[in-house]
Each structure stands twice: as structure tokens, then as C-alpha cells.
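Here is the structure we will look at.
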Amino acid sequence: MTDKFYLEEAIEDLHTLLDMTRWATSRFNDAALYFGHGTDNAWDEATSLVMQALHLPHPILEQVGDSVMTSRLTKSEREKIAELVLKRVQTRMPLPYITNEAWFCGMPFYVDERVLIPRSPFAELIQKEFAPFVESTPNSILDMCTGGACIAIALAHAYPEAQVDAVDISTDALEVADINIQEHGLSHRVYPIQSDLFSSLEGQKYDLIVSNPPYVDAEDMADLPEEYHHEPELALAAGEDGLELVDIMLKEAPTYLNDGGWLFVEVGNSEVHMSERFPGLEVIWLEFENGGSGIFAVRKNTLVQYFSSKD
């Protein structure tokens with residue numbers, strides 16, 4: 001049967017929100033889609049698509065319960081859902097790019113193919129205000145490799161008095177970052193800055209630096225599911241071991257950190273290469289209640305001592 005047949009059949013024969021969600025789940029499973037941009041299974045992906053297509057609030061199922069799933073849909077609503085499902089199946093484009101919406105730290109953000117879709121365990125760290133590591137409230141924060149500024153904006157919400165510099169090498173990404181900064185009303189505290197890592201930040205000092213940089217190594221880049229190839233390669237690939245940018249960041253960060261400052265960096269699967277690239281560097285690998293891994297914390301003085309011993 002053709003995709004067009006499935007589309008017309010769904011529009012005519014299905015009626016409720018639950019009907020469309022179940023149908024979308026079946027289509028996603030049949031197409032063997034990959035999920036990793038906000039959901040990890042076909043049912044959750046279908047639910048997210050249907051809710052966004054109908055402009056229903058993100059937490060509506062928690063607010064009103066499953067009874068909303070029996071709501072009947074108009075034909076135009078069923079057509080809209082069916083078209084989005086078809087686009088997801090035919091293009092294998094991640095859902096947030098199709099709807100231009102992603103959620104991070106409980107907040108909505110605009111995304112398109114100029115930036116990565118937020119999915120970092122940094123959300124849990126931010127919500128816990130980096131406890132037990134960061135003991136004093138930071139006044140100046142740097143989000144390095146900010147992309148669409150989701151982390152920077154979440155940091156600004158967590159620390160209402162702080163200034164946050166949102167830095168990226170990509171002017172395309174910074175255009176998206178500015179959209180989100182304006183949408184969240186934070187243009188007075190979150191500043192998008194075009195810079196190749198620290199190159200445009202001379203003289204700046206920060207209490208806290210966080211970074212979710214490109215960290216995918218060459219082997220993993222070759223094996224990525226098709227969905228990930230819609231994301232900008234500049235924001236993913238980082239050389240043979242995935243640590244090219246991290247190497248520069250660790251060496252230069254002490255110059256831009258205030259005394260007692262912390263650096264938090266996400267390296268994902270490239271965690272396995274850290275001990276070989278930086279033998280003897282004592283970083284703290286973090287554990288997460290909500291899943292995820294590959295983020296380390298390191299204090300300024302630890303970096304100073306490590307790299308001075310290499311001179």
C-alpha cells in the first residue's frame with residue numbers, strides 16, 4: 001500500500017486524538033524510524049507530534065488526564081496530523097525540525113536545521129543549580145558552543161541576576177539563538193557572541209563556563225542514523241577522537257575563569273578517549289537521575305596545575 005493510501009484512509013476512518021496517535025505510532029514503527037531528539041520510542045514521538053499539531057499545551061496529559069485522548073478531531077485537524085506523520089516518515093527529519101519546536105528544562109524553544117536539537121543532560125544540572133559543585137551563585141556565565149541558546153537561556157532562568165554570554169562560531173546558529181533570546185525576553189541578560197571558542201572574548205572572566213561542544217568522533221559520525229544527518233555537521237563532528245575542541249577549551253579556560261570557577265563540558269561517547277588524550281587529568285564524571293552521561297566537571301585550579309606540569 002502507498003503512503004497516499006494510508007494518508008487518505010486515516011483521514012476518513014479515524015476520529016479521535018487517540019486514533020491518530022495510535023495510527024502515527026504504527027506508521028513510525030513500520031518505517032523503522034530512529035528516535036533520539038526528544039523522545040525514545042514511537043508512541044511518545046506520535047504523542048508529541050499530535051499535541052504540537054493541535055497546539056495543545058505540552059503538559060496537557062498531566063493536567064487533565066488521558067480523557068483528552070477521546071476528543072474527536074475535525075477533518076482539517078486529521079489532515080494536518082496525517083501530513084506531518086507522512087513528512088516524518090518520508091524525510092526521516094527529526095520531529096522538532098518539522099514543527100520548529102523543542103523542549104529543554106521545561107521550556108519551549110524554536111529550532112531549525114541551523115542548530116542542534118537540545119537533548120543534553122545539562123538540563124538536570126541546571127535545574128539543580130550545579131550542586132554540590134557550584135557553591136556561590138555565579139554572576140557571569142559563559143555558554144560555549146551555544147547553538148540555539150537553549151542552555152544559555154535555561155541558565156539565565158536558573159540564575160536571575162547573572163549575565164550569560166552565548167558563544168558560537170556559527171552566525172547561522174546565532175540567528176536562531178537570537179530568536180530564542182528575544183522570545184524569552186532575555187535580551188538584557190543573554191548576549192549572543194560570534195567567536196571561535198575564546199578568540200573574541202579577550203579580557204572576559206566568568207564564574208561558570210558550560211559547554212556542549214561538537215564531540216562526535218569519526219567512527220560514530222560514520223554510523224549515525226539518518227535523522228542525525230539533518231543536523232549541522234559543524235555542531236557534531238570533532239575529529240578522530242571527538243576531542244579537538246575540548247583540547248583547546250581545557251587549555252584556555254583557566255584564562256577566562258575567575259578563581260574558584262568551574263568548567264562543565266559534555267563529551268558524550270568521546271568520554272572513552274579522555275584518559276588517553278589527557279592522562280592524569282582529574283575530572284569529575286557526573287551521574288544523572290534522569291539518564292545520560294558524558295559530562296565532566298573540573299575546577300580552574302585543577303586545570304592550571306595540570307597544564308603547568310606539562311610545560
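Details
- Consider segment 57-76 and keep the residues that are part of a loop (DSSP other than H, G, I, E, B) and touching a helix residue (DSSP H, G or I) at 6+ places or on another chain (Cβ under 8 Å). The one that is modelled with the lowest pLDDT is His58.
- Condition check for Ala131: assigned to a loop (DSSP other than H, G, I, E, B), within 17 Å of Pro225 (Cα to Cα), free of Cβ contacts under 8 Å to residues at least 24 places away in the same chain and out of contact with any His (no Cβ under 6 Å at 6 or more places or on another chain): no
- Filtering segment 102-129 to residues that are in contact with a strand residue (DSSP E or B) (Cβ under 6 Å, 6 or more places away or on another chain), among the β-branched types (Val, Ile, Thr) and under 13 Å from Asn212 (Cβ atoms) leaves only Ile117.
- Meets criteria (closer than 21 Å to Arg119 by Cα, out of contact with any Ser or Thr (no Cβ under 8 Å at 6 or more places or on another chain) and assigned to a loop (DSSP other than H, G, I, E, B)) for Asp40: yes
- Subset of segment 87-124 that is within 19 Å of Val190 (Cα to Cα) and part of a helix (DSSP H, G or I) - its residue that is most open to solvent (accessible area, probe 1.4 Å): Ala123
- Single residue of Asn258, Asn290, Asn269 found to be touching a residue at least 40 places away in the same chain (Cβ under 8 Å), open to solvent by 30 Å² or more (accessible area, probe 1.4 Å), closer than 28 Å to Gln127 by Cβ and in a helix (DSSP H, G or I): Asn269
- Qualifying position, being aromatic (Phe, Trp, Tyr), within 30 Å of Leu263 (Cα to Cα) and in the same structural domain as Asn290 (by the TED database), among Phe133, Phe104, Phe109: Phe133
- From the list Pro132, Pro138, Pro160, the one residue that fits, being surrounded by fewer than 21 Cβ atoms within 10 Å (Cβ to Cβ), more than 29 Å from Glu45 (Cα to Cα) and modelled with pLDDT of 95 or more, is Pro160.
The values are calculated or read from the model by the stated rules, or taken from the named source; none is laboratory data. The structure displayed is predicted, hence computed values, not measured ones. In this analysis, Cβ positions are derived from the backbone assuming ideal geometry, glycine residues included, and neighbour counts consider all displayed protein chains. Just the protein is used for accessible areas: all its heavy atoms, side chains included, with ligands, DNA and RNA removed. Shrake-Rupley method; radii C 1.70, N 1.55, O 1.52, S 1.80 Å.
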